[in-house]
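A short write-up of the structure that comes next.
The values are calculated or read from the model by the stated rules, or taken from the named source; none is laboratory data. Keep in mind that what you see is a predicted model, and the values were worked out from it rather than measured. All Cβ positions, glycine included, derive from the backbone under ideal geometry; neighbour counts span all protein chains shown. What goes into the accessible areas is simple: the full protein's heavy atoms, side chains included, and nothing from ligands, DNA or RNA. Shrake-Rupley method; radii C 1.70, N 1.55, O 1.52, S 1.80 Å.
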Amino acid sequence: MKLERVEVVHVAIPLVSPFRTSFGTMTTKDTFLLHVVTDTAEGWSEFAADPQPRYCSEFVAGAELVLRDFLVPRVATLPTLTAALVGPAVSGIKGHELAKAALETAVLDAELRSYGMPLAVYLGAVRERVPAGVSVGIKDSVPELLDDVERYLAEGYVRIKLKIEPGWDVEPVRAVRERFGAALPLQVDANTAYTLADAEHLRRLDEFGLLLIEEPLDENNLYGHARLQSRIATPVCLDESLHNARDTAAAIAMDACRVVNIKPARVGGYLEARRIHDVARAHGVPVWCGGMLETGIGRAPNLALAALPGFTLPGDTSASARYFAEDITEPFVLVDGHLPVPRTPGIGVEPLPDVLRRFTRARRDLYGG
Ligand code: NPQ
Ligand code: MG
C-alpha cells in the first residue's frame with residue numbers, strides 16, 4: 001500500500017452516566033478518530049485517551065501533534081506500507097504508544113480490507129463471541145453501587161469490576177459479595193491509587209475471593225507490585241505499568257503480576273498486544289482485554305483480540321449501551337452475556353456517516369488531502 005491521506009476527526013459523545021475512577025470523573029467521550037486513505041483501501045481507528053493526561057501521560061491534543069509531526073511523516077515515506085512496518089518506522093520516537101497504536105490500527109484496518117480479511121482471522125482468533133464483563137465506577141453510596149451492579153447482572157454481564165480508591169474499597173466489595181454471593185466473578189481496579197504502605201489494608205480484600213486487584217500501586221512500579229503480591233493472596237493484575245511484551249515478561253518473572261490486562265492502545269497496537277498474549281500464555285498467565293470507554297471504532301478490534309485463546313478471563317469489552325445512548329458505529333449488543341466478534345474485513349465496522357457528522361467537533365488533515 002501507499003499512504004495517500006491521514007485525517008483526524010475529533011468527536012465528543014455524551015456518556016449515559018458519569019464514570020468515576022480514582023483519577024477523575026468522565027462525562028463525555030472526547031477524542032479523535034484517525035482515518036487513513038491508501039491507494040487500495042481506507043481504514044479507521046480511535047485514539048484511546050482523554051483530553052487530559054490522567055489515566056496516562058498521553059492526551060488528545062498532544063497525540064494529534066505527535067502524529068502530525070513525528071509519526072505520520074515516518075510512515076508516509078515507506079516505499080510500501082503494511083501495518084507490520086509501522087512499529088519499526090516509528091521506533092525512533094520515544095513513548096507515545098497510544099498515538100502509535102492509533103496509526104498502526106488504522107493502517108491495519110486498511111491493509112486487511114485490501115485483503116478481504118477480518119482482524120480476528122489475522123490475529124488468530126479461536127472464538128466467534130466473547131464473554132462481556134463490565135467496569136463499575138465509584139459511587140456516592142453503597143446502595144447506588146448495588147443498584148448499578150444489579151442492573152448490569154440483569155443485562156447479562158458475566159463479571160463485575162469495581163473501581164476502588166482509599167475510602168472506597170473493603171466496604172463496597174463486602175456489600176457486593178453479601179448481596180450477590182461468593183460465586184459472582186468479581187475484581188477491583190485501583191488505577192494506581194495506593195502505596196506499599198497500604199499493603200495490610202489491601203490484604204483485607206483477600207477474604208472476598210476476588211479474581212484480581214488491578215494496578216494498585218503507581219505506574220511502572222514493578223518492584224513495588226512484586227512486594228505487594230508477596231503480602232496479599234489476591235492476584236495482582238497490571239494495567240498502566242505494562243507498555244510492551246518485554247515489560248510483561250519482566251513483570252511475570254518477578255511475580256509483579258499473576259494476571260495481565262491487555263489494552264492494545266497502551267502497548268502500541270494490536271501486533272504488540274498479540275505478542276503480550278503469547279508471552280503470558282507461554283507462562284500460563286491469564287490475560288483479559290481492558291477498555292478505554294471506546295466507541296464502536298475502538299471496541300470492534302478489541303473484540304477480535306479478546307477472541308484469542310489466552311484470553312481466559314472476561315474483559316471490559318462491554319456493549320455500546322454501557323457507555324453510549326448512541327454509538328458512532330452500529331451498536332454492539334449483549335447477547336446471553338457475550339458480544340459477537342466482527343467477521344467482516346478489517347476491524348469490521350465503520351462510522352455511520354450521519355451519526356459521525358452530528359458528533360464531530362473538528363476535522364483536520366495531517367497528511368495529503
Ligand atoms: C482501566 N477503563 O481499566 C480503564 C480506565 C479508564 C473501563 O475501567 C478516557 C480515557 C476515559 C481513558 C476511563 C475501565 C477512561 C480512560 C477509564 C481509562 O483502568
Ligand atoms: Mg485499569
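Restricting the trypsin sites (Lys or Arg not before Pro) of segment 294-353 to loop positions (DSSP other than H, G, I, E, B) with no more than 13 neighbouring Cβ atoms within 10 Å leaves ARG343. Note on ASP30: accessible area is roughly 60 Å² with a 1.4 Å probe, heavy atoms of protein only.
Seen from every direction in turn and averaged, the convex hull around the alpha carbons of segment 203-251 projects onto 3.3 nm². For segment 121-340, the percent of C-alpha pairs falling in each 5 Å distance bin, counted from 0 to the bin holding the largest distance, reads 1, 7, 16, 19, 20, 17, 12, 6, 1, 0.
Provide the net charge surrounding TYR323, with neighbours chosen by a C-beta distance below 11 Å and charges set as Lys +1, Arg +1, Asp -1, Glu -1. That sum, taken over residues with Cβ under 11 Å, equals -1. The relative contact order of segment 121-340 comes to 23 percent, based on Cα pairs under 8 Å that sit 6 or more residues apart.
Pop out the carbon and sulfur fraction of the accessible area of segment 121-340 as a percent, whole number, probe 1.4 Å. Its accessible area is 52 percent carbon and sulfur atoms. Summary of the geometry: segment 159-178 and segment 57-71, compared by the centres of their Cα atoms, lie 36 Å apart. Each Cα pair under 8 Å and six or more residues apart adds its sequence gap; the mean of these over the residue count of the chain is a relative contact order of 23 percent.
Mean silhouette area of the chain, derived from the convex hull of its C-alpha atoms and averaged over all directions, reads 16.5 nm².
Quick check on segment 23-105: take the gyration tensor over C-alpha atoms, sort the square-rooted eigenvalues as a ≥ b ≥ c, and tell me if it's rounded (a/c under 1.5), prolate or oblate. It is prolate, given that a/c is not under 1.5 and a/b is the larger ratio. Of THR28, THR360, THR40, the residue with the largest accessible area leads and the full order is THR40, THR28, THR360 (1.4 Å probe). Our Cα-only numbers for segment 105-192 put the radius of gyration and Dmax at 18.2, 52 Å.
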